[in-house]
Amino acid sequence: MRKVRLTGACAVFAVMAGVAQAAAPHAVGPDAAGIAAAEKRAAATVKAMQPDEKTILTHGIMPLPFGPNSPTPPADAIPGAGYIAGIARLGVPALKESDASLGVSYVSGIRKDGSTALPSGLAQAASWNPALLEQGGAMIGSEARAKGFNVLLAGGVNLTRDPRNGRTFEYLSEDPLLSGHLVGAAIRGIQSNGIISTIKHFALNGQETGRHFVDTKIAEPAARESDLLAFKIGIEQGQPLSVMCSYNRINGAFGCDHDHLLNTVLKKDWGWKGFVMSDWGAVPSLDTAIHGLDQQSGAQLDPKVFFSTELAAKAKADPKWAARLDDMNKRVLTAIYATGLDKNDAKPGVKIDFAKNGEVALESAKQGIVLLKNSGNMLPLAASAKRIAVIGGYAASGVLSGGGSSQTDPEGGPKAVIPLGADGPWANFFSQHYHGTAPVAGIKAQAKNATVTYRDGTIIADAVDQAKKADVAIVFATKWSTEGMDQADFSLPSGQDELIAAVVAANPRTIVVLETGNPVVMPWLDKVPAVLEAWFGGSRGGDAIASVLFGETNPSGRLPITFPASAQQLPRPVLDGYFDFEPDFIGNPPSPDTKLSANYDIEGSDVGYRWFARQKQKALFPFGYGLSYTSFAAEGLKVKGLSASFTVKNTGARSGAYVAQLYLTARGGEARQRLAGFARVELKAGESKPLTLSIDPRILADWTQKGWTIKGGQYSFALGEDAEHLGAAVNTAVAAKTWKD
Ligand code: BGC
């Protein structure tokens with residue numbers, strides 16, 4: 001029996017090593033020592049700068065025809081989110097930025113080239129597999145580099161505080177430990193290509209409604225123990241060289257004008273050395289520089305280009321501003337030197353191996369699919385099925401993808417585009433894209449001898465007729481989501497609930513495959529024997545779904561987000577402002593006096609499953625939930641100090657992957673639920689493996705003004721099948737301790 005020892009940054013390294021063996025080897029990104037050396041070089045370059053050179057790196061444009069003030073981009077700019085001129089005299093390259101949450105973004109087809117699209121953030125996170133996200137990041141980074149981009153706007157790690165947030169699909173999870181490790185791995189992968197990655201959007205950017213003016217209210221300890229902890233772990237794990245600050249206000253101040261978050265938390269407390277770039281159109285004033293912002297992005301979207309001549313004039317007049325300007329330059333240069341861009345810049349025109357990269361997208365999609373229900377072992381489907389009725393979800397065209405700046409479309413562009421009524425440059429941005437491989441093609445490839453029919457599902461009587469004639473019906477149900485707009489509720493749109501109910505009434509052998517960016521409710525759940533959550537599947541989504549349906553892949557995804565039974569269970573049953581404000585991409589409040597706030601102190605750091613545990617609520621499907629075609633047991637938990645050991649066993653008849661979840665369940669006898677460690681383990685039928693997880697002490701601690709504080713006493717832990725199904729608790733004594741970040 002091979003002993004897998006998981007120490008250090010919880011389970012991550014050992015599990016990573018297992019997957020990394022199968023992955024294409026890639027270089028390693030910058031580490032703390034490399035960053036320190038880069039900072040020294042950067043300081044020397046700042047000394048050599050002429051005054052008029054000092055505002056070149058501090059602002060940039062969006063080299064795209066969006067907005068009335070779009071400038072003519074310089075010849076070397078690539079259509080993408082951003083461009084910051086270089087300083088040739090000092091050997092400093094221009095920064096060429098692309099959005100890259102899920103792949104090198106499509107920018108509405110303006111660049112006319114495609115990229116490999118990973119499945120949505122939630123899908124990737126459902127793997128609970130940092131090594132897979134690292135591989136995905138490395139793949140995206142390599143494509144970006146091949147297209148000439150050297151800064152990626154990636155690393156979205158806002159906790160999914162409100163499951164109706166339109167960008168939930170881009171983010172990873174509701175838990176800071178899981179999100180932090182996953183985002184750090186993805187960033188490590190990107191930066192291993194010798195390019196810069198952001199982590200974003202700093203911070204507490206929990207909803208899209210009124211995103212340019214909503215004020216999120218939260219007490220500091222709660223923020224440090226939740227959203228900020230996800231960023232902190234992500235920074236430790238991934239060493240991102242840039243942080244993108246957020247649009248929203250936090251306790252009054254805008255994210256990009258937040259002295260406390262930027263100067264105190266990020267730069268002083270955490271000692272982070274990179275540069276803070278603004279989100280696009282998020283800079284309200286020149287004072288943001290003093291409050292910690294280092295670079296004004298897409299400056300034509302702001303009221304003014306503050307970080308150019310105005311900044312230079314201030315620096316000339318005031319030594320405090322001069323020092324700040326030097327620091328801004330030092331930070332941007334540190335990022336450039338730490339990644340080696342000055343010596344080995346990205347150059348466009350390198351051929352991309354899309355077939356190879358598609359394998360990464362395929363594996364990510366497979367590991368992310370969550371089997372939610374499988375009564376009577378309805379799945380996997382036998383390859384011997386004679387007639388299969390596929391219904392709905394544009395399943396003959398491709399898989400759904402999420403909208404906004406993260407939109408990535410493979411080579412050849414989207415397979416189907418459903419316009420949603422926006423005009424001009426926003427028309428493509430605000431439209432549903434179906435792309436990648438089509439589920440119907442995947443199903444046909446798996447069930448070679450079956451007759452596979454497809455109906456779009458718009459006429460229920462026709463879908464019912466097809467279902468009746470078939471051995472099995474597979475309904476694809478979709479719900480689009482996008483940046484800039486939240487979800488009003490958890491229902492499936494366009495009568496899909498009625499469609500599913502009618503189809504399953506006609507043929508009880510009905511499977512529902514969900515392609516959604518957010519949790520949904522399922523009024524038909526009692527009737528339908530099998531349900532898969534396949535999220536937004538990316539370039540190879542259709543193949544991945546078919547592979548799981550027919551059992552070539554044993555599903556192993558676990559929900560990284562709670563699926564509530566209803567909005568009433570949430571801290572905010574109605575999303576603040578949803579019914580008051582129009583969707584808003586680059587906008588100001590309807591009037592300067594418009595006020596909107598979101599009270600995050602209701603749940604504090606008890607985001608998602610923690611809130612459900614605190615309220616003793618049962619979710620529709622809990623965080624951590626997911627079924628397999630085999631069965632597992634995790635047992636023999638022993639906890640000593642901050643080390644937990646146990647054994648996981650595949651008790652079924654086929655190989656599969658198990659996601660071990662260790663939860664803190666009580667502190668000093670008082671209930672308190674926190675994910676304390678996790679590991680995804682591949683196990684052959686009958687195989688068992690001993691695991692040791694080391695527990696991040698911050699999960700046990702309270703954040704106070706003195707730092708992290710562990711109260712000495714008894715701590716209870718349990719292994720969980722998910723956040724609601726916990727094994728017997730084991731107690732351990734932990735000594736009191738206080739320490740600074
Ligand atoms: C988004 C960012 C994105 C930027 C550039 C903003 O609207 O919030 O995530 O990186 O645009 O496209």
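The values are calculated or read from the model by the stated rules, or taken from the named source; none is laboratory data. Predicted model, so just to flag it, every value in this text is computed and none were measured. Here the Cβ positions follow ideal geometry from the backbone for every residue, glycine too, while neighbour counts run over all protein chains shown.
With the requirement that a residue be in a loop (DSSP other than H, G, I, E, B) and at positive phi, what does the range 627-651 give you? Correct list: G641 only. The set of residues from the range 162-219 being closer than 29 Å to K96 by Cβ and among the basic types (K, R) comprises R167, R188, K200, R211. One residue stands out among those in the range 164-195 that are part of a loop (DSSP other than H, G, I, E, B) and more than 13 Å from the chain's Cα centre (by Cα): the one that is surrounded by the fewest Cβ atoms within 10 Å (Cβ to Cβ), which is G194. A residue that is out of contact with any strand residue (DSSP E or B) (no Cβ under 8 Å at 6 or more places or on another chain), away from the ligand (no atom under 16 Å from the Cβ) and within 20 Å of P493 (Cβ to Cβ) occurs somewhere in the range 418-435.
Filtering L177, L204 for residues that are under 27 Å from I710 (Cβ atoms) and within 15 Å of the ligand (Cβ to nearest atom) leaves a single hit, L204. Of all residues in the range 502-522, those that are buried (at least 17 other Cβ atoms within 10 Å of the Cβ) and either among the basic types (K, R) or not in a loop (DSSP other than H, G, I, E, B) (or both) total 12. Screening E359 with (1) of a type in the set (D, E); (2) within 16 Å of the ligand (Cβ to nearest atom); (3) closer than 24 Å to G136 by Cα gives one miss only, at (2). Looking across the range 555-578, the residues that are surrounded by fewer than 21 Cβ atoms within 10 Å (Cβ to Cβ), assigned to a loop (DSSP other than H, G, I, E, B) and touching a residue at least 40 places away in the same chain (Cβ under 8 Å) come down to A565, S566, P571, R572, G577, Y578. Of all residues in the range 457-478, those that are hydroxyl-bearing (S, T, Y) and buried (at least 22 other Cβ atoms within 10 Å of the Cβ) total 1. Listed conditions (1) without any contact (Cβ under 8 Å) to a residue 24 or more places away in the chain; (2) part of a helix (DSSP H, G or I); (3) within 31 Å of the chain's Cα centre (by Cα) are all met by P303, apart from (2). Each residue in the range 248-275 was checked for being of a type outside the set (F, W, Y), in contact (Cβ under 8 Å) with a residue 24 or more places away in the chain and either within 14 Å of the ligand (Cβ to nearest atom) or in a helix (DSSP H, G or I) (or both), and 12 pass.
For the range 234-251, indicate whether the set of residues that are surrounded by fewer than 23 Cβ atoms within 10 Å (Cβ to Cβ) and out of contact with any Gly (no Cβ under 8 Å at 6 or more places or on another chain) is non-empty. Checking the range 234-251: at least one residue is surrounded by fewer than 23 Cβ atoms within 10 Å (Cβ to Cβ) and out of contact with any Gly (no Cβ under 8 Å at 6 or more places or on another chain). Looking across the range 66-93 at every residue that is in contact (Cβ under 8 Å) with a residue 60 or more places away in the chain, among the hydrophobic types (A, V, I, L, M, F, W, C) and within 26 Å of Y337 (Cβ to Cβ), the one that is farthest from the ligand (Cβ to nearest atom) is identified as V92. Which numbered condition trips up Q124, out of (1) part of a loop (DSSP other than H, G, I, E, B); (2) away from the ligand (no atom under 15 Å from the Cβ); (3) under 30 Å from V370 (Cβ atoms)? Among (1) part of a loop (DSSP other than H, G, I, E, B); (2) away from the ligand (no atom under 15 Å from the Cβ); (3) under 30 Å from V370 (Cβ atoms), the lone unmet condition for Q124 is (1). Every listed requirement among (1) closer than 30 Å to Y625 by Cα; (2) buried (at least 24 other Cβ atoms within 10 Å of the Cβ) is met by A335 save one, (1). Pairs are defined by a Cβ separation below 7 Å, a sequence spacing of at least 6 or placement on different chains, a first member in the range 523-536 that is within 22 Å of W480 (Cβ to Cβ) and free of Cβ contacts under 8 Å to residues at least 60 places away in the same chain, and a second member that is surrounded by fewer than 23 Cβ atoms within 10 Å (Cβ to Cβ) and of a type outside the set (A, V, I, L, M); the pairs so defined are P523/D497; W524/D497. Among the residues of the range 94-112, some residue qualifies, meaning at least one is more than 16 Å from the ligand (Cβ to nearest atom) and either over 30 Å from G538 (Cβ atoms) or at pLDDT 95 or above (or both). When A733, A701, A723 are checked against the criterion of being among the small types (G, A, S) and touching a helix residue (DSSP H, G or I) at 6+ places or on another chain (Cβ under 8 Å), a single residue qualifies: A723. Of all the listed residues (S297, S278), the sole one being within 16 Å of the ligand (Cβ to nearest atom) and touching a Cys at 6+ places or on another chain (Cβ under 9 Å) is S278.
Residues checked against (1) small (G, A, S); (2) modelled with pLDDT of 95 or more; (3) surrounded by fewer than 16 Cβ atoms within 10 Å (Cβ to Cβ); (4) farther than 23 Å from L178 by Cβ:
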{"site": "G677", "(1), (2), (3), (4)": "yes, yes, no, no"}
{"site": "L683", "(1), (2), (3), (4)": "no, yes, no, no"}
{"site": "S688", "(1), (2), (3), (4)": "yes, yes, no, yes"}
{"site": "I695", "(1), (2), (3), (4)": "no, yes, no, no"}
{"site": "T704", "(1), (2), (3), (4)": "no, yes, yes, yes"}
{"site": "H725", "(1), (2), (3), (4)": "no, yes, yes, no"}
{"site": "A736", "(1), (2), (3), (4)": "yes, yes, yes, yes"}
